[in-house]
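*Asks:* Take this structure, written in structure tokens, and hold onto it; I'll ask about it next.
The values are calculated or read from the model by the stated rules, or taken from the named source; none is laboratory data. Note that the structure is predicted; figures quoted are calculated from it, not measured. Quick reminder, even Gly has a Cβ in these numbers, built from the backbone with ideal geometry, and neighbours come from all protein chains shown. What goes into the accessible areas is simple: the full protein's heavy atoms, side chains included, and nothing from ligands, DNA or RNA. Shrake-Rupley method; radii C 1.70, N 1.55, O 1.52, S 1.80 Å.
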Amino acid sequence: MKEEEKSYSSVEERYTQWKSLVPVLYDWLANHNLVWPSLSCRWGPQLEQATYKNRHRLYLSEQTDGSVPNTLVIANCEVVKPRVAAAEHICQFNEESRSPFVKKFKTILHPGEVNRIREFPQKSQIVATHTDSPEVFIWDVEAQPNRNAVLGAATSRPDLVLTGHKDNAEFALAMCPSEPFVLSGGKDKCVVLWSVHDHISTLAVEEASAVKQGSKSGGNDAKATESPTIGPRGIYKGHADTVEDVQFCPSSAQEFCSVGDDSRLILWDARVGSAPVVKVDKAHNGDLHCVDWSPHDINFILTGSADNTVHMFDRRNLKSSGVGSPVYKFEGHDAAVLCVQWSPDKASVFGSAAEDGILNIWDHDKVGKTTDSAGSKSSNTPPGLFFRHAGHRDKVVDFHWNASDPWTIVSVSDDCESSGGGGTLQIWRMMDLIYRPEEEVLTELDKFRSHIFGCNS
């Protein structure tokens with residue numbers, strides 16, 4: 001018990017220190033308290049642009065205790081533009097409050113708790129969800145009726161159900177950036193691929209007519225219409241344990257990768273059959289939880305593991321003597337890494353979130369390069385690490401870079417172990433002076449220096 005108290009007080013200490021630095025480190029930050037934890041957070045489409053802020057859809061979930069239904073939540077989120085928010089405003093938030101920037105727009109009553117949400121990049125109102133079952137659910141969130149989360153209410157009806165797993169598929173889920181393909185992994189040690197091409201094009205039309213025909217009450221009481229189901233396009237076997245994450249190659253709908261509790265990273269190509277193209281047996285010294293394939297350079301793949309590290313692999317040279325041979329190992333977490341994602345804004349930058357409550361931002365270009373200004377005093381900083389987001393006080397279960405608002409991230413923590421339940425959603429953007437080229441930043445600061453001296457003289 002003493003150990004727990006000690007770790008709690010050290011987390012609180014870290015958090016207090018972080019909060020005092022918010023005005024200096026962040027260009028913008030919104031803190032939103034969640035009554036129920038959400039295990040996933042994803043950006044949907046940008047809805048509108050205004051002078052000082054942009055409005056986006058945001059996808060979340062509510063993982064309840066059974067007293068009310070589990071839900072998939074569609075929210076509207078206002079993202080304040082760079083250099084608009086005043087420093088004193090962004091640090092004045094109450095941890096127990098909801099943010100005025102996040103408003104619930106629609107609730108879908110989900111069959112089972114939502115473990116993972118992924119959106120189609122080319123049609124982001126279509127999302128897929130994973131729950132504790134072998135199926136994948138596909139939702140057209142714009143067409144789905146808004147529902148009241150009350151005990152005993154019938155669950156919403158998915159627009160499509162993907163079948164093919166023989167056991168629960170809980171976390172591994174990916175949407176293809178170029179084709180309407182869905183990829184999933186599960187406890188059956190399989191990776192399953194579907195094409196939803198024919199269904200996606202008809203979804204919107206069918207749903208629009210269904211809404212017109214009076215589903216305004218929002219009830220799905222008429223069980224006459226079951227969700228359509230489709231079987232897999234391919235099933236891929238090569239893992240020896242649960243598949244924890246999957247990802248498409250950004251430049252090819254036929255190539256993808258997967259990681260699992262067997263410590264393997266496997267590359268697949270649907271054109272050459274259902275056996276692995278490359279199998280890396282010991283990609284980490286522990287279970288692998290997450291993987292991401294670089295959209296900027298398709299040779300680079302990131303993996304995160306229960307061994308607390310992030311590895312960056314080059315697919316031209318994945319292993320030596322059968323064992324994983326990463327280009328870099330990034331060591332900046334004190335607990336299992338749960339989520340990794342490349343930044344859409346700079347090719348060498350990526351984020352990693354972990355059970356230690358930290359979201360780290362790395363730049364692999366900075367590895368091995370020390371600058372005069374930072375080199376001497378930051379020797380204890382892990383190579384490549386340039387920003388630590390310490391605004392969460394419990395495990396950071398998901399985060400997502402915004403594709404249209406540069407350097408803007410949504411992150412969510414499951415606070416069940418620290419503050420007695422619920423979760424914390426944060427939308428944030430670090431100060432641009434932190435990531436811009438050093439010469440550029442120094443030039444800008446120099447202007448301020450002459451301005452300040454001018455004011456004093």
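*Asks:* Using the Karplus curve 6.51 cos²θ - 1.76 cosθ + 1.60 with θ = phi - 60°, work out ³J(HN,Hα) for each residue of the stretch 85-94 in order, rounded to whole Hz, and write x for Gly and Pro.
*Replies:* Running phi through 6.51 cos²θ - 1.76 cosθ + 1.60 with θ = phi - 60° gives 6, 7, 4, 5, 6, 6, 9, 9, 10, 9 Hz.
*Asks:* Which of Ala253, Trp18, Ser352 sits closest to the plus end of the dipole of the chain, meaning its Cα is farthest towards the positive end, when Lys and Arg get +1 and Asp and Glu get -1 on the C-beta?
*Replies:* The listed residue farthest towards the positive side: Ala253.
*Asks:* What FRET efficiency would be calculated for the residue pair Thr229, Glu444, taking the C-beta separation as r and a Förster radius of 51 Å, to the nearest 0.05? The partial results should precede the final answer.
*Replies:* Details: r = 57 Å, r/R0 = 1.11.
It comes out at approximately 0.35.
*Asks:* Also, quick follow-up: Once amide H atoms are placed 1.01 Å from N in the peptide plane, what residues at a sequence separation of 5 or more from Cys339, or on another chain, have their amide H within under 5 Å of its amide H?
*Replies:* Amide H neighbours of Cys339: Ala353.
*Asks:* Roughly how big is the chain's charge dipole about its Cα centre, with Cβ charges of +1 (Lys, Arg) and -1 (Asp, Glu), in debye to the nearest 20?
*Replies:* Details: 46 positive and 62 negative charges, 169 e Å.
With Lys and Arg at +1 and Asp and Glu at -1, about 820 debye.
*Asks:* Let me ask something additional. List, largest first, the extents of the alpha carbons of the stretch 278-323 along their principal axes, each in whole Å.
*Replies:* 27, 23, 13
*Asks:* Moving on. Starting from the Cα-Cα distance between Ser325 and Val277, subtract it from 0.36 nm times their residue separation and give me the gain in nm to one decimal. Could you put the intermediate results ahead of the total?
*Replies:* Details: separation 48, 0.36 × 48 = 17.28 nm, distance 1.67 nm.
Contour length minus Cα-Cα distance gives 15.6 nm.
*Asks:* Distance check, please: which entries in Lys187/Lys395; Lys19/Lys81; Lys123/Lys279; Lys237/Lys395; Lys123/Lys366 exceed 26 angstrom between their Cα atoms?
*Replies:* On the way: Lys187/Lys395 23 Å; Lys19/Lys81 21 Å; Lys123/Lys279 32 Å; Lys237/Lys395 31 Å; Lys123/Lys366 35 Å.
Going by Cα-Cα distance, Lys123/Lys279; Lys237/Lys395; Lys123/Lys366 fall outside the 26 Å limit.
*Asks:* In debye, nearest 20: dipole of the stretch 283-420 around its Cα centre with unit charges on the Cβ of K, R (+) and D, E (-)?
*Replies:* Numbers: 11 positive and 19 negative charges, 115 e Å.
Around 560 debye, computed over the stretch 283-420.
*Asks:* Where the centroid of each part is defined by its Cα atoms, how far is the stretch 279-322 from the stretch 88-158 in Å?
*Replies:* About 30 Å separates the Cα centre of the stretch 279-322 from the one of the stretch 88-158.
*Asks:* Grab the other residues whose beta carbon is less than 11 angstrom from that of Phe101, score K and R as +1, D and E as -1, and report the net. Could the numbers behind the result be given before it?
*Replies:* Details: positive: Lys53, Arg55, Arg98, Lys103; negative: Glu78.
Around Phe101, the surrounding residues sum to +3.
*Asks:* Quick query: amide H of Ser133 versus all other amide H atoms, modeled in the peptide plane; which residues come in under 5 Å with a sequence gap of 5 or more or a different chain?
*Replies:* Ala169
*Asks:* Here's something else I'd like to know. At 7 Å along Cα-to-Cβ for each site, give me the label-to-label distance between Lys369 and Ser97 in nm.
*Replies:* Result for the modelled spin labels: 4.2 nm.
*Asks:* Turning to a different aspect of this structure: Report, in debye and to the nearest 20, how large the dipole of the stretch 7-110 comes out about its Cα centre when Lys and Arg carry +1 and Asp and Glu carry -1 on their Cβ. Before the final figure, lay out each step's value.
*Replies:* Working: 12 positive and 10 negative charges, 104 e Å.
Around 500 debye, computed over the stretch 7-110.
*Asks:* Under 1.5 on a/c is rounded, so check that first for the chain, then, if it is not, pick prolate when a/b is larger than b/c and oblate when it is not; a ≥ b ≥ c are the square roots of the alpha carbon gyration tensor eigenvalues. Provide the component values of the computation, followed by the final result.
*Replies:* Numbers: a/c = 1.69, a/b = 1.24, b/c = 1.36.
Oblate.
*Asks:* So if each residue of separation counts as 0.36 nm, and I subtract the Cα-Cα distance between His197 and Ser178, what length gain in nm does that give? Working shown, then result.
*Replies:* Details: separation 19, 0.36 × 19 = 6.84 nm, distance 1.14 nm.
Separation in residues times 0.36 nm, less the Cα-Cα distance, equals 5.7 nm.
*Asks:* Oh, and also: Using amide H atoms built 1.01 Å from N in the peptide plane, name the residues 5+ places from His289, or on other chains, whose amide H lies under 5 Å from its own.
*Replies:* Amide H neighbours of His289, under 5 Å, 5+ apart: Gly304, Ser305, Ala306.
*Asks:* Same structure again: Could you name the aspartates and glutamates whose alpha carbon sits less than 12 Å from that of Lys166, not counting residues in the same chain fewer than 8 places away?
*Replies:* List returned: Glu135, Asp188.
*Asks:* Before anything else, pin down the relative contact order of the chain: Cα pairs under 8 Å, at least 6 apart, normalised by residue count, whole percent. All intermediate terms of the calculation are to be shown ahead of the outcome.
*Replies:* On the way: 1151 pairs, mean separation 60.4, N = 457.
Reported as a whole number, the value is 13 percent.
*Asks:* What is the local net charge at Trp18, summed over the other residues whose Cβ is closer than 11 Å to its Cβ (Lys, Arg +1; Asp, Glu -1)? Walk me through the intermediate numbers first.
*Replies:* Numbers: positive: Arg14, Lys19, Arg388, Arg393; negative: Glu12, Glu13.
Spelling it out: positives minus negatives among the neighbours equals +2.
*Asks:* Which one of Thr107, Ser7, Ser38 has its Cα pushed farthest toward the positive end of the charge dipole of the stretch 1-120, where Lys and Arg give +1 and Asp and Glu give -1 at the Cβ?
*Replies:* Result: Thr107.
*Asks:* What whole-number value in cubic angstrom gives the convex hull volume per residue for the C-alpha atoms of the stretch 44-126? Numbers along the way, then the final one.
*Replies:* Details: hull volume 10.2 nm³, N = 83.
Convex hull volume per residue, Cα atoms: 123 Å³.
*Asks:* Report in % the part of the accessible area of the stretch 261-393 that belongs to carbon and sulfur, leaving out ligands and nucleic acids; probe 1.4 Å. Please report the intermediate quantities before stating the final value.
*Replies:* Details: 2470 of 5450 Å².
Using a 1.4 Å probe with all protein chains present, the stretch 261-393 comes out at 45 percent carbon and sulfur.
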